[in-house]
Amino acid sequence: MSNVKTIECDVACLCGQCFAWPQKVEPSYPQHRITRQGQHVLVCPRCFFFTGPSDNPQATLTWWALSNKPGNAHIAELWLKDYREQQDEARRRKSA
Ligand SMILES: [Zn+2]
(Lines give C-alpha, C1' and ligand atoms only; values in the text may rest on other atoms or scores of the structure.)
Protein backbone atom coordinates (compact mmCIF):
# COMPACT_ATOMS: atom_id res chain seq x y z
CA MET A 1 0.00 0.00 0.00
CA SER A 2 1.20 3.43 -0.81
CA ASN A 3 0.04 6.93 -0.10
CA VAL A 4 2.35 8.31 -2.77
CA LYS A 5 0.50 10.31 -5.36
CA THR A 6 1.24 9.65 -8.98
CA ILE A 7 3.12 12.52 -10.55
CA GLU A 8 1.24 14.10 -13.42
CA CYS A 9 3.58 15.70 -15.90
CA ASP A 10 2.45 17.65 -18.95
CA VAL A 11 5.96 18.39 -20.25
CA ALA A 12 6.75 16.13 -23.21
CA CYS A 13 10.10 14.40 -23.59
CA LEU A 14 12.62 16.16 -25.80
CA CYS A 15 13.13 12.99 -27.84
CA GLY A 16 10.33 14.28 -30.09
CA GLN A 17 12.51 17.30 -30.83
CA CYS A 18 16.05 15.88 -30.58
CA PHE A 19 15.78 12.81 -32.78
CA ALA A 20 15.27 12.78 -36.52
CA TRP A 21 12.11 10.69 -36.67
CA PRO A 22 11.11 9.33 -40.09
CA GLN A 23 7.71 10.97 -39.64
CA LYS A 24 6.13 13.47 -37.32
CA VAL A 25 5.82 11.93 -33.86
CA GLU A 26 3.34 12.58 -31.10
CA PRO A 27 4.66 14.18 -27.92
CA SER A 28 5.74 11.54 -25.43
CA TYR A 29 4.84 12.22 -21.80
CA PRO A 30 6.80 10.68 -18.95
CA GLN A 31 5.58 7.85 -16.76
CA HIS A 32 5.96 7.95 -13.02
CA ARG A 33 7.87 5.06 -11.45
CA ILE A 34 8.89 4.36 -7.89
CA THR A 35 12.16 2.56 -7.34
CA ARG A 36 12.68 -0.29 -4.90
CA GLN A 37 14.23 2.30 -2.59
CA GLY A 38 10.98 4.28 -2.73
CA GLN A 39 12.38 7.07 -4.86
CA HIS A 40 10.52 8.87 -7.62
CA VAL A 41 11.57 8.69 -11.24
CA LEU A 42 10.00 9.98 -14.42
CA VAL A 43 10.70 7.89 -17.52
CA CYS A 44 9.88 8.53 -21.16
CA PRO A 45 8.03 5.47 -22.50
CA ARG A 46 9.46 6.04 -25.99
CA CYS A 47 13.19 6.68 -25.53
CA PHE A 48 13.56 5.76 -21.80
CA PHE A 49 15.15 9.06 -20.91
CA PHE A 50 14.75 9.39 -17.16
CA THR A 51 15.27 11.80 -14.31
CA GLY A 52 17.54 10.86 -11.50
CA PRO A 53 15.69 9.26 -8.62
CA SER A 54 14.61 11.63 -5.86
CA ASP A 55 12.83 11.27 -2.54
CA ASN A 56 10.82 14.32 -3.39
CA PRO A 57 8.21 13.94 -6.17
CA GLN A 58 8.16 17.69 -6.72
CA ALA A 59 11.92 17.70 -7.26
CA THR A 60 11.57 14.90 -9.79
CA LEU A 61 8.92 16.86 -11.63
CA THR A 62 11.06 19.99 -11.63
CA TRP A 63 14.05 17.99 -12.83
CA TRP A 64 12.03 16.64 -15.74
CA ALA A 65 10.55 20.04 -16.63
CA LEU A 66 14.00 21.67 -16.71
CA SER A 67 15.66 18.83 -18.65
CA ASN A 68 12.89 18.78 -21.26
CA LYS A 69 12.24 22.48 -21.73
CA PRO A 70 11.19 22.78 -25.38
CA GLY A 71 12.60 25.17 -27.98
CA ASN A 72 15.95 25.80 -26.31
CA ALA A 73 19.06 24.68 -28.20
CA HIS A 74 21.28 24.60 -25.11
CA ILE A 75 18.79 22.46 -23.16
CA ALA A 76 18.45 20.15 -26.18
CA GLU A 77 22.25 19.72 -26.22
CA LEU A 78 22.30 18.88 -22.52
CA TRP A 79 19.40 16.51 -23.04
CA LEU A 80 21.27 14.60 -25.76
CA LYS A 81 24.38 14.43 -23.58
CA ASP A 82 22.37 13.04 -20.63
CA TYR A 83 20.53 10.65 -22.92
CA ARG A 84 23.79 9.24 -24.34
CA GLU A 85 25.24 8.88 -20.85
CA GLN A 86 22.15 7.00 -19.73
CA GLN A 87 22.41 4.69 -22.75
CA ASP A 88 26.12 4.05 -22.11
CA GLU A 89 25.42 3.34 -18.48
CA ALA A 90 22.65 0.87 -19.39
CA ARG A 91 25.01 -0.91 -21.80
CA ARG A 92 27.73 -1.10 -19.17
CA ARG A 93 25.32 -2.60 -16.67
CA LYS A 94 24.11 -5.16 -19.21
CA SER A 95 27.62 -6.28 -20.14
CA ALA A 96 28.89 -6.32 -16.54
ZN1 LIG B 1 11.73 10.44 -24.84
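The values are calculated or read from the model by the stated rules, or taken from the named source; none is laboratory data. Quantities reported herein were computed from a predicted structural model and do not represent experimental measurements. For neighbour counting, all protein chains shown are included, and Cβ atoms are generated from backbone atoms with ideal geometry for every residue, glycine included.
Structure values in brief
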| quantity | calculated |
| --- | --- |
| Residues of the range 32-70 satisfying the condition of being hydrophobic (A, V, I, L, M, F, W, C) and in a strand (DSSP E or B) | I34, V41, L42, V43, F50 |
| Given (1) within 15 Å of the ligand (Cβ to nearest atom); (2) more than 18 Å from L80 (Cβ to Cβ); (3) modelled with pLDDT of 95 or more, index of the condition N68 fails | (2) |
| Breaking point among (1) within 11 Å of the ligand (Cβ to nearest atom); (2) in contact (Cβ under 8 Å) with a residue 60 or more places away in the chain, for A12 | (2) |
| Looking only at the range 22-31, and only at residues there that are closer than 19 Å to T6 by Cβ and polar (S, T, N, Q), the one that is nearest to the ligand (Cβ to nearest atom) | S28 |
| Which listed residue, of R36, R84, R93, is among the basic types (K, R) and modelled with pLDDT of 95 or more | R84 |
| The range 32-48 - residue that is within 21 Å of I75 (Cα to Cα) and more than 9 Å from the ligand (Cβ to nearest atom) and, of those, nearest to the chain's Cα centre (by Cα) | L42 |
| Some residue of the range 17-28 being of a type in the set (V, I, T), without any contact (Cβ under 8 Å) to a residue 60 or more places away in the chain and either surrounded by 17 or more Cβ atoms within 10 Å (Cβ to Cβ) or within 19 Å of E77 (Cα to Cα) (or both) | no |
